[in-house]
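Everything on this sheet refers to the single structure shown next.
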């Protein structure tokens, strides 16, 4: 039976991966205490002891502004640790599936980024994630690197939960209208990963970087509009906050954000047969699920 080692099982994508990967074989989730990304020996030992057939790395230092404040720690977790994982995977002959980000780009392009576009990150998070990609590629083992975009879920910190918090407090919301991307539900990433891993031999034959996100693109303002619209429909009530447009320059944060991160996902579709539904269809599905879970009291607790 196939053994799968999942790293980062408490994160947005990792939490969903626990459920989508379990039917594919024996799933091992060592946790942060055992597979410590800031302790090379512990991380290497956790992998070599498990000797999995497949490693899925959904772990990372993902809070962009926190990474800007702690660049050395971000580099260790997002840049150095993936190299250690890749080296260990190669040593035992395991396939590595690793999650990266479209924040490896500077956002100056105005058409969807492809896998052949030259990365140029503009913040510490993107710099560290790019270092992780390069460390994996330098190892020359079997790997699939997935560049994810604007991930959201019912847990952790993300744009959807923040807008919901403000909306339910009836607080008027200023939202940037000059950042463009493709909001993608963490569950969609988990389902896509499981679908890919049904044929791991094919993945070994086509190692490399792949873009993957919901189809289409929108601004953060358009994203927020749909979140509020769905909330109004699902929660009812007559009084809702007013959304106002602002710019990235008018909403300064510690870390710079790329203004454009939409991706061309044709390689993923053509080579591995994976394609996602439109971002707005996906978001409506998430919102229905999120409100049903809340009514049932089943929203996962934070760590």
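Observations on the model:
- Applying the criterion of at least 3 residues that are modelled with pLDDT of 95 or more to the helices (runs of 4 or more DSSP H) found wholly in the range 1-102 leaves 12-21, 40-50, 64-69, 71-74, 81-92.
- Matching option when the condition is in contact with a helix residue (DSSP H, G or I) (Cβ under 7 Å, 6 or more places away or on another chain), touching a residue at least 24 places away in the same chain (Cβ under 8 Å), crowded, with 17+ Cβ neighbours inside 10 Å and in a helix (DSSP H, G or I), among 234, 226, 166: 226
- Members of the range 64-87 found to be out of contact with any strand residue (DSSP E or B) (no Cβ under 8 Å at 6 or more places or on another chain) and crowded, with 24+ Cβ neighbours inside 10 Å, listed by number: 67, 74, 78, 81
- Residue 192 being within 24 Å of residue 80 (Cα to Cα) and either assigned to a helix (DSSP H, G or I) or out of contact with any strand residue (DSSP E or B) (no Cβ under 7 Å at 6 or more places or on another chain) (or both): no
- In the range 199-219, residue surrounded by the fewest Cβ atoms within 10 Å (Cβ to Cβ) [restricted to those that are part of a loop (DSSP other than H, G, I, E, B) and either touching a strand residue (DSSP E or B) at 6+ places or on another chain (Cβ under 6 Å) or modelled with pLDDT of 95 or more (or both)]: 206
- Criterion: more than 22 Å from the chain's Cα centre (by Cα) and either within 30 Å of residue 178 (Cβ to Cβ) or at pLDDT below 95 (or both) - qualifying residue of 283, 256, 234, 226: 234
- Of all residues making up the range 249-266, the number that are out of contact with any helix residue (DSSP H, G or I) (no Cβ under 9 Å at 6 or more places or on another chain) and surrounded by fewer than 19 Cβ atoms within 10 Å (Cβ to Cβ): 6
- Among the conditions (1) surrounded by fewer than 19 Cβ atoms within 10 Å (Cβ to Cβ); (2) at pLDDT below 95, residue 159 misses just one, which is (2).
- Test result for residue 276, part of a helix (DSSP H, G or I), at pLDDT 95 or above, under 20 Å from the mean Cα position of the chain (by Cα) and within 27 Å of residue 209 (Cβ to Cβ): no
- Restricting attention to the range 178-223, the residues that are without any contact (Cβ under 8 Å) to a residue 12 or more places away in the chain and out of contact with any helix residue (DSSP H, G or I) (no Cβ under 9 Å at 6 or more places or on another chain) total 2.
The values are calculated or read from the model by the stated rules, or taken from the named source; none is laboratory data. Predicted model, so just to flag it, every value in this text is computed and none were measured. In this analysis, Cβ positions are derived from the backbone assuming ideal geometry, glycine residues included, and neighbour counts consider all displayed protein chains.
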